[in-house]
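The values are calculated or read from the model by the stated rules, or taken from the named source; none is laboratory data. These numbers come from a predicted model, not from an experiment. Backbone-built Cβ (ideal geometry, glycine too); neighbour counts: all protein chains shown. For accessibility, only protein heavy atoms count, side chains too; no ligands or nucleic acids. Shrake-Rupley method; radii C 1.70, N 1.55, O 1.52, S 1.80 Å.
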Amino acid sequence: MKRLNTTHKSRILMILLGYFIVASVMYLVFQNKSIWYGDDIYYQFQRIQGISKSLKEGLFPSISTINFGKIGYAVNIFYPWMTLLPFGIVSLFNSNPISAFYMGLFVYFLASLLISHYSMYEFSGSHIQAVVFTLIYNFSTYRLIDLLSRAALAEYIATIFLPLCFLGFYETFFRNYHKWYLFALGFGAIILTHVLTTFMTILIFIVFILLNFMKIKPFKEHAVALIKAVVTTILLTLLYTVPFILEELFQRFPKPDPQILKGLELAKFLKVTLQSNASRFVEGNLYNPGLIVLLILIAGIFYFKKFNRLNKQIYVIGLAIFLISTNLFPWHILQNTPISVIQYPYRLLIFASLFAAVTGSWIVKNIVQKDDQERQWLVVALCGVLMFGIWFGSFKMATTNSMISDPKGMIDSSMIKEDRIPDSYLNQYVPKETLNYLSSVTEHQMYVNEKVITAYPRDDRDTGVMNIENLRQGDDVNLPVIRYRLTRVTVNGQSVPFWTSTRGTIEFHAKQNSRHNRIVISYGSKKLYAGLFCLTVIGFLIIWIDIFIQRRLKMIEKLSI
(Lines give C-alpha, C1' and ligand atoms only; values in the text may rest on other atoms or scores of the structure.)
Protein backbone atom coordinates (compact mmCIF):
# COMPACT_ATOMS: atom_id res chain seq x y z
CA MET A 1 0.00 0.00 0.00
CA LYS A 2 1.36 3.40 -0.96
CA ARG A 3 2.08 5.69 1.93
CA LEU A 4 -0.44 8.50 2.07
CA ASN A 5 1.15 11.90 1.51
CA THR A 6 -1.28 14.45 2.79
CA THR A 7 -0.77 18.08 3.64
CA HIS A 8 -1.71 19.44 7.03
CA LYS A 9 -4.73 21.25 5.55
CA SER A 10 -6.01 18.19 3.71
CA ARG A 11 -5.63 16.11 6.89
CA ILE A 12 -7.70 18.68 8.79
CA LEU A 13 -10.36 18.64 6.07
CA MET A 14 -10.50 14.84 6.21
CA ILE A 15 -10.90 14.95 9.98
CA LEU A 16 -13.65 17.58 9.72
CA LEU A 17 -15.46 15.51 7.10
CA GLY A 18 -15.09 12.43 9.26
CA TYR A 19 -16.62 14.19 12.25
CA PHE A 20 -19.47 15.51 10.12
CA ILE A 21 -20.21 11.94 9.06
CA VAL A 22 -19.99 10.68 12.66
CA ALA A 23 -22.35 13.45 13.86
CA SER A 24 -24.75 12.63 11.02
CA VAL A 25 -24.76 8.94 11.96
CA MET A 26 -25.40 9.81 15.63
CA TYR A 27 -28.25 12.07 14.52
CA LEU A 28 -29.78 9.35 12.32
CA VAL A 29 -29.60 6.86 15.18
CA PHE A 30 -31.10 9.29 17.68
CA GLN A 31 -33.81 11.10 15.70
CA ASN A 32 -37.39 9.88 15.93
CA LYS A 33 -40.96 11.00 15.21
CA SER A 34 -41.37 11.59 18.95
CA ILE A 35 -38.93 12.63 21.67
CA TRP A 36 -37.63 9.82 23.85
CA TYR A 37 -39.12 9.59 27.34
CA GLY A 38 -36.08 10.31 29.54
CA ASP A 39 -36.18 11.29 33.22
CA ASP A 40 -36.22 15.07 32.75
CA ILE A 41 -37.35 15.43 29.14
CA TYR A 42 -40.58 17.29 29.96
CA TYR A 43 -38.67 19.86 32.00
CA GLN A 44 -35.93 20.41 29.42
CA PHE A 45 -38.27 20.45 26.43
CA GLN A 46 -40.52 23.02 28.11
CA ARG A 47 -37.44 25.19 28.63
CA ILE A 48 -36.64 24.93 24.93
CA GLN A 49 -40.22 25.82 24.01
CA GLY A 50 -40.08 28.99 26.08
CA ILE A 51 -36.68 30.02 24.71
CA SER A 52 -37.78 29.32 21.12
CA LYS A 53 -40.87 31.48 21.57
CA SER A 54 -38.82 34.36 23.01
CA LEU A 55 -36.37 34.25 20.11
CA LYS A 56 -39.19 34.31 17.56
CA GLU A 57 -40.46 37.48 19.22
CA GLY A 58 -36.99 39.02 19.42
CA LEU A 59 -36.88 38.93 23.22
CA PHE A 60 -34.53 37.79 25.97
CA PRO A 61 -35.94 34.69 27.71
CA SER A 62 -37.32 35.60 31.12
CA ILE A 63 -40.29 34.31 33.14
CA SER A 64 -42.28 31.45 31.64
CA THR A 65 -45.70 32.55 30.43
CA ILE A 66 -46.65 29.64 28.13
CA ASN A 67 -45.74 26.68 30.34
CA PHE A 68 -44.44 25.70 33.80
CA GLY A 69 -47.89 26.21 35.25
CA LYS A 70 -48.22 29.69 33.71
CA ILE A 71 -47.37 31.16 37.09
CA GLY A 72 -44.56 33.41 35.87
CA TYR A 73 -41.98 30.75 36.78
CA ALA A 74 -38.41 32.10 36.53
CA VAL A 75 -36.72 28.91 35.35
CA ASN A 76 -34.58 30.83 32.84
CA ILE A 77 -33.33 33.17 35.56
CA PHE A 78 -32.12 30.43 37.89
CA TYR A 79 -31.24 27.78 35.29
CA PRO A 80 -28.71 28.89 32.63
CA TRP A 81 -30.37 29.22 29.22
CA MET A 82 -27.71 30.54 26.80
CA THR A 83 -26.57 27.16 25.52
CA LEU A 84 -30.14 26.17 24.67
CA LEU A 85 -30.19 28.99 22.11
CA PRO A 86 -29.15 26.68 19.22
CA PHE A 87 -32.43 24.80 19.65
CA GLY A 88 -34.30 28.10 19.53
CA ILE A 89 -32.33 29.30 16.50
CA VAL A 90 -33.10 26.07 14.63
CA SER A 91 -36.78 26.54 15.46
CA LEU A 92 -36.71 29.86 13.59
CA PHE A 93 -36.24 27.86 10.39
CA ASN A 94 -38.09 24.69 11.33
CA SER A 95 -41.68 24.96 12.51
CA ASN A 96 -41.77 21.34 13.69
CA PRO A 97 -40.58 21.46 17.34
CA ILE A 98 -39.67 17.77 17.40
CA SER A 99 -37.61 17.96 14.22
CA ALA A 100 -36.02 21.20 15.45
CA PHE A 101 -35.06 19.46 18.70
CA TYR A 102 -33.18 16.70 16.90
CA MET A 103 -31.53 19.17 14.53
CA GLY A 104 -30.34 21.07 17.60
CA LEU A 105 -28.85 17.82 18.89
CA PHE A 106 -27.00 17.39 15.59
CA VAL A 107 -25.44 20.83 16.07
CA TYR A 108 -24.21 19.76 19.50
CA PHE A 109 -23.04 16.33 18.31
CA LEU A 110 -20.81 18.05 15.77
CA ALA A 111 -19.69 20.75 18.21
CA SER A 112 -18.78 18.10 20.79
CA LEU A 113 -16.66 16.15 18.29
CA LEU A 114 -14.81 19.27 17.14
CA ILE A 115 -14.22 20.69 20.63
CA SER A 116 -13.01 17.30 21.89
CA HIS A 117 -10.55 16.93 19.02
CA TYR A 118 -9.23 20.48 19.28
CA SER A 119 -8.76 20.18 23.04
CA MET A 120 -6.86 16.90 22.92
CA TYR A 121 -4.76 17.96 19.92
CA GLU A 122 -3.71 21.14 21.75
CA PHE A 123 -2.98 19.06 24.85
CA SER A 124 -1.02 16.24 23.17
CA GLY A 125 0.07 17.54 19.75
CA SER A 126 -1.15 14.27 18.19
CA HIS A 127 -4.08 13.93 15.78
CA ILE A 128 -4.09 10.18 16.45
CA GLN A 129 -4.57 10.71 20.17
CA ALA A 130 -7.09 13.49 19.53
CA VAL A 131 -9.28 11.27 17.31
CA VAL A 132 -9.17 8.34 19.74
CA PHE A 133 -9.99 10.61 22.68
CA THR A 134 -12.86 12.17 20.73
CA LEU A 135 -14.37 8.78 19.86
CA ILE A 136 -14.02 7.37 23.39
CA TYR A 137 -15.47 10.48 25.01
CA ASN A 138 -18.35 11.04 22.59
CA PHE A 139 -19.37 7.38 22.55
CA SER A 140 -19.12 6.99 26.32
CA THR A 141 -22.11 5.31 27.91
CA TYR A 142 -22.62 7.89 30.65
CA ARG A 143 -22.88 10.74 28.15
CA LEU A 144 -25.49 8.67 26.27
CA ILE A 145 -27.31 8.15 29.57
CA ASP A 146 -27.15 11.88 30.28
CA LEU A 147 -28.78 12.67 26.96
CA LEU A 148 -31.18 9.77 26.54
CA SER A 149 -32.13 8.06 29.80
CA ARG A 150 -31.70 10.96 32.19
CA ALA A 151 -32.60 13.54 29.52
CA ALA A 152 -30.38 15.89 31.54
CA LEU A 153 -29.87 18.05 28.47
CA ALA A 154 -28.04 20.89 30.22
CA GLU A 155 -25.64 18.49 31.93
CA TYR A 156 -24.98 16.78 28.60
CA ILE A 157 -24.23 20.09 26.91
CA ALA A 158 -21.90 21.02 29.78
CA THR A 159 -19.89 17.85 29.13
CA ILE A 160 -19.22 19.16 25.60
CA PHE A 161 -17.21 22.04 27.03
CA LEU A 162 -15.34 20.07 29.72
CA PRO A 163 -12.37 19.13 27.48
CA LEU A 164 -11.85 22.79 26.51
CA CYS A 165 -12.28 23.90 30.11
CA PHE A 166 -9.67 21.47 31.44
CA LEU A 167 -7.29 22.30 28.60
CA GLY A 168 -7.62 25.99 29.50
CA PHE A 169 -7.16 25.18 33.18
CA TYR A 170 -3.95 23.25 32.41
CA GLU A 171 -2.56 26.00 30.18
CA THR A 172 -3.40 28.77 32.64
CA PHE A 173 -1.90 27.08 35.69
CA PHE A 174 0.86 24.81 34.43
CA ARG A 175 1.90 25.36 30.81
CA ASN A 176 1.38 28.24 28.36
CA TYR A 177 -0.23 30.98 30.43
CA HIS A 178 -0.70 33.05 27.25
CA LYS A 179 -3.62 30.70 26.45
CA TRP A 180 -5.62 31.72 29.51
CA TYR A 181 -8.52 32.64 27.21
CA LEU A 182 -9.21 28.91 26.62
CA PHE A 183 -9.98 28.64 30.33
CA ALA A 184 -12.31 31.64 30.18
CA LEU A 185 -14.16 30.29 27.15
CA GLY A 186 -14.46 26.72 28.42
CA PHE A 187 -15.35 27.50 32.02
CA GLY A 188 -17.63 30.36 30.98
CA ALA A 189 -19.54 28.01 28.68
CA ILE A 190 -20.04 25.54 31.54
CA ILE A 191 -21.31 28.31 33.85
CA LEU A 192 -23.78 29.34 31.14
CA THR A 193 -25.00 25.75 30.87
CA HIS A 194 -25.23 23.94 34.20
CA VAL A 195 -24.63 25.15 37.75
CA LEU A 196 -23.98 21.73 39.31
CA THR A 197 -21.40 20.81 36.67
CA THR A 198 -19.74 24.15 37.40
CA PHE A 199 -19.58 23.28 41.09
CA MET A 200 -18.21 19.76 40.48
CA THR A 201 -15.63 21.10 38.02
CA ILE A 202 -14.35 23.54 40.65
CA LEU A 203 -13.94 20.62 43.08
CA ILE A 204 -11.79 18.76 40.52
CA PHE A 205 -9.75 21.92 39.91
CA ILE A 206 -9.05 22.15 43.63
CA VAL A 207 -7.79 18.56 43.67
CA PHE A 208 -5.38 19.21 40.78
CA ILE A 209 -4.12 22.45 42.33
CA LEU A 210 -3.47 20.80 45.70
CA LEU A 211 -1.52 18.02 43.98
CA ASN A 212 0.54 20.39 41.83
CA PHE A 213 0.73 23.71 43.62
CA MET A 214 4.53 23.70 43.70
CA LYS A 215 4.58 23.08 39.94
CA ILE A 216 3.02 26.48 39.18
CA LYS A 217 6.09 28.23 37.78
CA PRO A 218 6.69 31.06 37.04
CA PHE A 219 4.07 31.79 39.68
CA LYS A 220 3.60 35.50 38.94
CA GLU A 221 2.88 35.02 35.22
CA HIS A 222 0.45 32.17 35.86
CA ALA A 223 -1.27 34.21 38.59
CA VAL A 224 -1.72 37.14 36.20
CA ALA A 225 -3.11 34.74 33.57
CA LEU A 226 -5.56 33.38 36.14
CA ILE A 227 -6.74 36.90 36.99
CA LYS A 228 -7.29 37.60 33.29
CA ALA A 229 -9.24 34.35 32.93
CA VAL A 230 -11.38 35.01 36.01
CA VAL A 231 -12.22 38.61 35.05
CA THR A 232 -13.04 37.63 31.47
CA THR A 233 -15.14 34.66 32.62
CA ILE A 234 -17.12 37.00 34.88
CA LEU A 235 -17.74 39.37 31.96
CA LEU A 236 -18.78 36.55 29.62
CA THR A 237 -21.34 35.18 32.08
CA LEU A 238 -22.91 38.38 33.44
CA LEU A 239 -26.11 37.99 31.42
CA TYR A 240 -26.90 34.94 33.52
CA THR A 241 -25.13 35.56 36.82
CA VAL A 242 -26.36 39.10 37.59
CA PRO A 243 -30.13 38.39 37.42
CA PHE A 244 -29.50 35.11 39.25
CA ILE A 245 -27.59 36.78 42.08
CA LEU A 246 -30.12 39.62 42.33
CA GLU A 247 -32.93 37.12 42.79
CA GLU A 248 -31.01 34.96 45.27
CA LEU A 249 -30.28 38.02 47.41
CA PHE A 250 -33.84 39.32 47.20
CA GLN A 251 -35.66 36.48 48.95
CA ARG A 252 -35.15 32.96 50.26
CA PHE A 253 -35.52 29.99 47.95
CA PRO A 254 -35.68 26.29 48.82
CA LYS A 255 -32.72 24.04 48.07
CA PRO A 256 -33.42 22.55 44.62
CA ASP A 257 -34.59 18.93 44.82
CA PRO A 258 -32.60 17.81 47.91
CA GLN A 259 -31.55 14.16 47.88
CA ILE A 260 -29.87 11.73 50.26
CA LEU A 261 -26.31 11.15 49.05
CA LYS A 262 -25.87 7.47 48.32
CA GLY A 263 -23.26 5.62 46.26
CA LEU A 264 -24.23 2.94 43.74
CA GLU A 265 -24.22 -0.72 44.82
CA LEU A 266 -20.79 -1.94 43.71
CA ALA A 267 -21.64 -5.45 42.44
CA LYS A 268 -24.62 -4.31 40.38
CA PHE A 269 -22.71 -1.23 39.22
CA LEU A 270 -19.93 -3.39 37.78
CA LYS A 271 -22.48 -5.66 36.11
CA VAL A 272 -24.36 -2.86 34.31
CA THR A 273 -21.03 -1.21 33.44
CA LEU A 274 -19.92 -4.43 31.70
CA GLN A 275 -23.23 -4.40 29.82
CA SER A 276 -22.98 -0.66 29.03
CA ASN A 277 -26.61 -0.56 30.08
CA ALA A 278 -28.15 2.82 29.24
CA SER A 279 -31.70 2.08 30.43
CA ARG A 280 -33.52 4.30 32.88
CA PHE A 281 -32.87 4.11 36.61
CA VAL A 282 -36.54 3.47 37.35
CA GLU A 283 -36.34 0.31 35.23
CA GLY A 284 -33.78 -1.18 37.58
CA ASN A 285 -30.62 0.09 35.91
CA LEU A 286 -27.75 1.93 37.61
CA TYR A 287 -26.24 4.82 35.69
CA ASN A 288 -22.73 3.83 34.66
CA PRO A 289 -19.75 4.85 32.47
CA GLY A 290 -19.82 1.75 30.25
CA LEU A 291 -17.53 -1.09 29.21
CA ILE A 292 -14.90 0.98 27.38
CA VAL A 293 -14.22 3.15 30.43
CA LEU A 294 -13.94 0.05 32.62
CA LEU A 295 -11.49 -1.60 30.21
CA ILE A 296 -9.37 1.57 30.08
CA LEU A 297 -9.21 1.77 33.86
CA ILE A 298 -8.09 -1.87 34.00
CA ALA A 299 -5.53 -1.39 31.20
CA GLY A 300 -4.21 1.68 33.00
CA ILE A 301 -2.93 -0.56 35.80
CA PHE A 302 -0.53 -2.24 33.38
CA TYR A 303 0.56 0.97 31.66
CA PHE A 304 0.83 3.03 34.83
CA LYS A 305 4.64 2.97 34.99
CA LYS A 306 4.84 4.35 31.45
CA PHE A 307 2.65 7.35 32.23
CA ASN A 308 4.30 10.68 32.99
CA ARG A 309 3.39 12.50 36.19
CA LEU A 310 0.39 14.31 34.69
CA ASN A 311 -1.05 11.22 33.02
CA LYS A 312 -0.65 9.29 36.26
CA GLN A 313 -2.69 11.92 38.08
CA ILE A 314 -5.36 11.92 35.37
CA TYR A 315 -5.62 8.14 35.55
CA VAL A 316 -5.67 7.95 39.35
CA ILE A 317 -8.30 10.69 39.69
CA GLY A 318 -10.45 9.03 37.00
CA LEU A 319 -10.18 5.67 38.78
CA ALA A 320 -10.89 7.28 42.17
CA ILE A 321 -14.02 9.00 40.84
CA PHE A 322 -15.19 5.70 39.33
CA LEU A 323 -14.84 3.99 42.71
CA ILE A 324 -16.23 6.75 44.96
CA SER A 325 -19.42 6.89 42.88
CA THR A 326 -20.21 3.50 44.49
CA ASN A 327 -21.06 2.54 48.05
CA LEU A 328 -17.35 1.97 48.73
CA PHE A 329 -17.30 5.63 49.73
CA PRO A 330 -19.22 6.76 52.88
CA TRP A 331 -21.29 9.48 51.23
CA HIS A 332 -23.43 9.95 54.34
CA ILE A 333 -20.62 11.90 56.03
CA LEU A 334 -21.02 14.63 53.39
CA GLN A 335 -24.81 14.85 53.64
CA ASN A 336 -24.79 18.09 55.64
CA THR A 337 -22.02 19.77 53.68
CA PRO A 338 -22.11 21.91 50.50
CA ILE A 339 -21.16 18.73 48.56
CA SER A 340 -24.75 17.51 49.01
CA VAL A 341 -25.95 19.89 46.28
CA ILE A 342 -24.70 17.42 43.66
CA GLN A 343 -27.73 15.27 44.67
CA TYR A 344 -26.47 12.09 42.99
CA PRO A 345 -22.83 10.90 43.29
CA TYR A 346 -23.11 9.20 39.91
CA ARG A 347 -23.01 12.67 38.33
CA LEU A 348 -19.25 12.52 38.93
CA LEU A 349 -19.03 9.81 36.27
CA ILE A 350 -18.82 12.55 33.65
CA PHE A 351 -15.31 13.21 34.97
CA ALA A 352 -14.44 9.51 35.17
CA SER A 353 -15.45 9.27 31.49
CA LEU A 354 -13.41 12.35 30.56
CA PHE A 355 -10.22 11.26 32.35
CA ALA A 356 -10.56 7.66 31.15
CA ALA A 357 -10.83 8.96 27.59
CA VAL A 358 -7.54 10.83 28.09
CA THR A 359 -5.89 7.69 29.44
CA GLY A 360 -7.34 5.45 26.74
CA SER A 361 -6.25 7.75 23.93
CA TRP A 362 -2.70 7.81 25.32
CA ILE A 363 -2.60 4.00 25.52
CA VAL A 364 -3.76 3.60 21.90
CA LYS A 365 -1.25 6.21 20.70
CA ASN A 366 1.51 4.42 22.62
CA ILE A 367 0.57 1.09 21.01
CA VAL A 368 0.60 2.38 17.41
CA GLN A 369 3.29 5.06 17.58
CA LYS A 370 5.93 2.84 15.93
CA ASP A 371 3.61 1.75 13.11
CA ASP A 372 3.36 3.48 9.76
CA GLN A 373 0.65 6.06 9.16
CA GLU A 374 -1.74 3.74 7.33
CA ARG A 375 -1.63 1.15 10.12
CA GLN A 376 -2.12 3.82 12.79
CA TRP A 377 -5.26 5.15 11.15
CA LEU A 378 -6.53 1.62 10.55
CA VAL A 379 -6.26 0.93 14.29
CA VAL A 380 -8.04 4.22 15.01
CA ALA A 381 -10.82 3.28 12.58
CA LEU A 382 -11.22 -0.14 14.24
CA CYS A 383 -11.37 1.54 17.66
CA GLY A 384 -14.05 3.87 16.31
CA VAL A 385 -16.11 0.96 14.96
CA LEU A 386 -15.82 -0.84 18.31
CA MET A 387 -16.85 2.19 20.34
CA PHE A 388 -19.70 3.08 18.02
CA GLY A 389 -20.89 -0.54 18.14
CA ILE A 390 -21.05 -0.49 21.95
CA TRP A 391 -22.73 2.94 21.91
CA PHE A 392 -25.29 1.80 19.35
CA GLY A 393 -25.94 -1.41 21.30
CA SER A 394 -26.49 0.63 24.46
CA PHE A 395 -28.91 2.87 22.62
CA LYS A 396 -30.91 -0.06 21.23
CA MET A 397 -30.94 -1.78 24.62
CA ALA A 398 -32.34 1.36 26.25
CA THR A 399 -34.97 2.10 23.61
CA THR A 400 -36.32 -1.36 22.74
CA ASN A 401 -39.52 -2.30 24.60
CA SER A 402 -38.66 0.10 27.39
CA MET A 403 -40.06 3.07 29.27
CA ILE A 404 -37.93 5.40 27.14
CA SER A 405 -39.87 4.33 24.04
CA ASP A 406 -43.28 4.18 25.75
CA PRO A 407 -45.69 6.03 23.38
CA LYS A 408 -47.68 7.27 26.39
CA GLY A 409 -44.63 9.00 27.82
CA MET A 410 -42.83 10.20 24.69
CA ILE A 411 -43.43 13.77 23.54
CA ASP A 412 -45.32 13.67 20.25
CA SER A 413 -46.95 16.32 18.08
CA SER A 414 -50.37 15.92 19.66
CA MET A 415 -48.96 16.32 23.18
CA ILE A 416 -47.35 19.60 22.11
CA LYS A 417 -50.37 20.97 20.22
CA GLU A 418 -52.78 20.08 23.01
CA ASP A 419 -50.46 21.51 25.68
CA ARG A 420 -50.34 18.19 27.56
CA ILE A 421 -46.66 18.21 28.50
CA PRO A 422 -46.69 17.77 32.29
CA ASP A 423 -45.21 20.57 34.39
CA SER A 424 -42.36 19.49 36.64
CA TYR A 425 -40.12 20.83 39.41
CA LEU A 426 -42.37 23.84 40.06
CA ASN A 427 -41.23 23.83 43.69
CA GLN A 428 -37.58 24.58 42.83
CA TYR A 429 -37.43 28.23 41.86
CA VAL A 430 -40.27 29.74 43.86
CA PRO A 431 -39.89 31.57 47.20
CA LYS A 432 -39.90 29.42 50.32
CA GLU A 433 -43.18 31.05 51.33
CA THR A 434 -44.81 29.69 48.20
CA LEU A 435 -44.23 26.01 48.97
CA ASN A 436 -47.21 25.81 51.37
CA TYR A 437 -49.46 27.62 48.89
CA LEU A 438 -48.17 26.27 45.58
CA SER A 439 -51.37 24.38 44.76
CA SER A 440 -53.44 27.56 45.04
CA VAL A 441 -51.02 29.33 42.70
CA THR A 442 -50.93 26.56 40.08
CA GLU A 443 -54.74 26.41 40.23
CA HIS A 444 -54.68 30.14 39.34
CA GLN A 445 -56.54 31.28 42.43
CA MET A 446 -56.55 35.07 42.62
CA TYR A 447 -57.71 36.83 45.75
CA VAL A 448 -59.57 40.16 45.62
CA ASN A 449 -60.21 41.29 49.18
CA GLU A 450 -59.74 37.62 50.18
CA LYS A 451 -62.46 36.52 47.75
CA VAL A 452 -61.23 33.67 45.55
CA ILE A 453 -61.46 34.22 41.80
CA THR A 454 -60.02 31.88 39.17
CA ALA A 455 -57.84 33.92 36.82
CA TYR A 456 -55.96 32.31 33.94
CA PRO A 457 -53.11 34.46 32.62
CA ARG A 458 -52.50 34.52 28.90
CA ASP A 459 -49.22 35.13 27.16
CA ASP A 460 -48.43 38.32 25.26
CA ARG A 461 -44.77 38.60 24.17
CA ASP A 462 -43.33 37.02 27.32
CA THR A 463 -45.68 38.92 29.62
CA GLY A 464 -48.56 37.47 31.59
CA VAL A 465 -51.85 39.27 30.98
CA MET A 466 -55.01 39.07 33.12
CA ASN A 467 -58.31 40.86 32.69
CA ILE A 468 -60.24 41.64 35.87
CA GLU A 469 -63.61 43.31 36.05
CA ASN A 470 -64.85 45.90 38.54
CA LEU A 471 -61.98 46.92 40.81
CA ARG A 472 -62.54 49.66 43.34
CA GLN A 473 -59.88 51.99 44.69
CA GLY A 474 -58.05 50.32 47.58
CA ASP A 475 -59.10 46.76 46.66
CA ASP A 476 -56.45 44.25 47.69
CA VAL A 477 -55.42 42.08 44.74
CA ASN A 478 -53.31 38.95 45.19
CA LEU A 479 -52.34 37.48 41.82
CA PRO A 480 -51.52 33.79 41.16
CA VAL A 481 -48.13 34.84 39.75
CA ILE A 482 -44.77 34.49 41.54
CA ARG A 483 -43.09 37.74 42.58
CA TYR A 484 -39.35 38.17 41.85
CA ARG A 485 -36.87 41.02 42.31
CA LEU A 486 -37.16 42.26 38.71
CA THR A 487 -40.89 41.68 38.35
CA ARG A 488 -42.85 44.57 36.82
CA VAL A 489 -46.63 45.15 37.08
CA THR A 490 -48.90 47.55 35.20
CA VAL A 491 -52.65 48.05 35.44
CA ASN A 492 -54.27 49.61 32.38
CA GLY A 493 -50.83 50.70 31.19
CA GLN A 494 -49.76 52.35 34.44
CA SER A 495 -47.14 50.98 36.83
CA VAL A 496 -48.46 50.18 40.29
CA PRO A 497 -46.57 49.67 43.57
CA PHE A 498 -46.72 46.03 44.66
CA TRP A 499 -45.20 43.68 47.22
CA THR A 500 -44.72 40.01 48.00
CA SER A 501 -47.81 38.36 49.44
CA THR A 502 -47.75 35.74 52.20
CA ARG A 503 -47.80 33.06 49.49
CA GLY A 504 -44.87 34.59 47.62
CA THR A 505 -46.98 36.04 44.83
CA ILE A 506 -47.67 39.57 43.55
CA GLU A 507 -49.99 41.70 45.69
CA PHE A 508 -51.09 45.30 45.19
CA HIS A 509 -53.89 47.77 45.93
CA ALA A 510 -56.06 49.12 43.12
CA LYS A 511 -55.24 52.79 42.56
CA GLN A 512 -58.69 53.77 41.28
CA ASN A 513 -62.15 52.53 40.44
CA SER A 514 -62.21 50.79 37.09
CA ARG A 515 -64.71 48.55 35.35
CA HIS A 516 -62.24 46.87 33.00
CA ASN A 517 -58.70 46.18 34.17
CA ARG A 518 -55.83 44.81 32.14
CA ILE A 519 -53.01 43.62 34.39
CA VAL A 520 -49.64 42.93 32.76
CA ILE A 521 -46.83 41.11 34.56
CA SER A 522 -43.37 41.33 33.02
CA TYR A 523 -39.80 40.70 34.11
CA GLY A 524 -36.46 42.39 33.69
CA SER A 525 -34.89 45.75 32.98
CA LYS A 526 -33.94 46.83 29.46
CA LYS A 527 -31.18 49.09 30.77
CA LEU A 528 -29.76 46.33 32.96
CA TYR A 529 -29.75 43.74 30.17
CA ALA A 530 -28.30 46.23 27.67
CA GLY A 531 -25.47 47.01 30.08
CA LEU A 532 -24.80 43.34 30.75
CA PHE A 533 -24.79 42.57 27.04
CA CYS A 534 -22.23 45.33 26.45
CA LEU A 535 -20.01 43.94 29.22
CA THR A 536 -20.25 40.49 27.63
CA VAL A 537 -19.10 41.94 24.31
CA ILE A 538 -16.20 43.58 26.16
CA GLY A 539 -15.24 40.16 27.49
CA PHE A 540 -14.99 38.75 23.96
CA LEU A 541 -13.07 41.84 22.83
CA ILE A 542 -10.52 41.32 25.62
CA ILE A 543 -9.91 37.78 24.34
CA TRP A 544 -9.65 38.89 20.71
CA ILE A 545 -7.27 41.76 21.53
CA ASP A 546 -5.07 39.51 23.67
CA ILE A 547 -4.84 36.89 20.89
CA PHE A 548 -4.05 39.62 18.34
CA ILE A 549 -1.29 41.09 20.51
CA GLN A 550 0.27 37.68 21.16
CA ARG A 551 0.33 36.88 17.45
CA ARG A 552 1.91 40.24 16.62
CA LEU A 553 4.59 39.72 19.25
CA LYS A 554 5.38 36.28 17.84
CA MET A 555 5.59 37.72 14.34
CA ILE A 556 7.95 40.48 15.49
CA GLU A 557 10.06 37.92 17.35
CA LYS A 558 10.41 35.78 14.21
CA LEU A 559 11.36 38.77 12.07
CA SER A 560 14.02 39.84 14.56
CA ILE A 561 15.79 36.46 14.48
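Per residue, how much accessible area does segment 159-286 show when a 1.4 Å probe rolls over the protein heavy atoms, in square angstrom?
45 Å²
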task = Could you tell me whether segment 312-441 comes out rounded, prolate or oblate from its Cα gyration tensor? Rule is a ≥ b ≥ c as square roots of the eigenvalues, rounded for a/c under 1.5, then prolate if a/b exceeds b/c, otherwise oblate.
result = oblate
inquiry  = Using a 7 Å offset from the Cα along the Cα-to-Cβ direction at both residue 427 and residue 327, what is the distance between the two label points in nm, to one decimal?
reply    = 2.6 nm
key: Selection from 214, 87, 464, by position along the positive dipole direction of the chain (Cβ)   = 214
ask   = residue 558 versus residue 499, label points 7 Å from Cα toward the beta carbon: distance in nm?
value = 6.8 nm
task = Could you work out how far apart the two model spin labels at residue 223 and residue 56 are, taking each label as a point 7 Å from the Cα in the direction of the beta carbon, and quote it in nm?
result = 5.4 nm
query = Which far-off residues, 5 or more places away or on another chain, put their amide H under 5 Å from the one on residue 485, with H placed in the peptide plane?
reply = none
remark   = Taking N as the residue count of the chain, its alpha carbon Rg divided by 2.2 N^0.38 Å gives 1.06
query = If we sort 242-249, 478-485, 362-369, 551-558 on the protection proxy, mean other Cβ atoms within 10 Å, highest first, what's the order?
reply = 478-485, 362-369, 242-249, 551-558
ask   = Rule-of-thumb check for segment 421-552: C-alpha Rg over 2.2 N^0.38 Å?
value = 1.43
remark   = Counting only protein heavy atoms and rolling a 1.4 Å probe, one gets per residue an accessible area for segment 453-515 in Å² of 50 Å²
key: Hz values of 3J(HN,Hα) by residue in segment 328-345 - Karplus curve (6.51, -1.76, 1.60), Gly and Pro given as x   = 5, 9, x, 4, 4, 6, 9, 4, 9, 10, x, 4, 4, 5, 5, 6, 10, x
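Would you calculate a helix-derived [θ] at 222 nm for the chain, using -39,500 (n - 2.57) for each DSSP H run of n ≥ 4 and dividing by the full residue count, to the nearest 500?
-18500 deg cm²/dmol
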Residue-span extension gain [residue 92 to residue 274] - 0.36 nm each, minus C-alpha spacing = 61.3 nm
key: Environment charge of residue 359, counting only residues whose C-beta is closer than 13 Å and scoring Lys/Arg +1, Asp/Glu -1   = +3
message = Suppose the chain between residue 419 and residue 537 were pulled fully straight at 0.36 nm per residue; how much longer would it get relative to their current alpha carbon spacing?
response = 38.7 nm
request  = Any chance you could look up the accessible area of residue 252 with a 1.4 Å probe, heavy atoms only, rounded to 10 Å²?
outcome  = 150 Å²
note = Restricting to Cα pairs under 8 Å and 6 or more apart, the percent relative contact order of segment 108-178 works out to 34 percent
task = Please give the contour-minus-distance gain from residue 451 to residue 282: 0.36 nm per residue of separation, less the Cα-Cα distance, rounded to one decimal in nm.
result = 56.5 nm
note = Summing +1 per Lys or Arg and -1 per Asp or Glu among the other residues with Cβ less than 12 Å from residue 487's Cβ gives +1
Heavy atoms of residue 25 accessible to a 1.4 Å probe, total area in Å² rounded to 10 = 60 Å²
query = Taking the Cβ-Cβ separation of residue 442 and residue 544 as r and a Förster radius of 45 Å, what is the calculated FRET efficiency to the nearest 0.05?
reply = 0.45
remark   = Expected field for residue 307, accessible surface area in Å² at 1.4 Å probe radius, rounded to 10, holds 10 Å²
key: FRET efficiency, residue 458 to residue 242 (Cβ-Cβ, R0 25 Å, nearest 0.05)   = 0.30
remark   = Carbon/sulfur accessible area of the chain, % of total, 1.4 Å probe, equals 63 percent
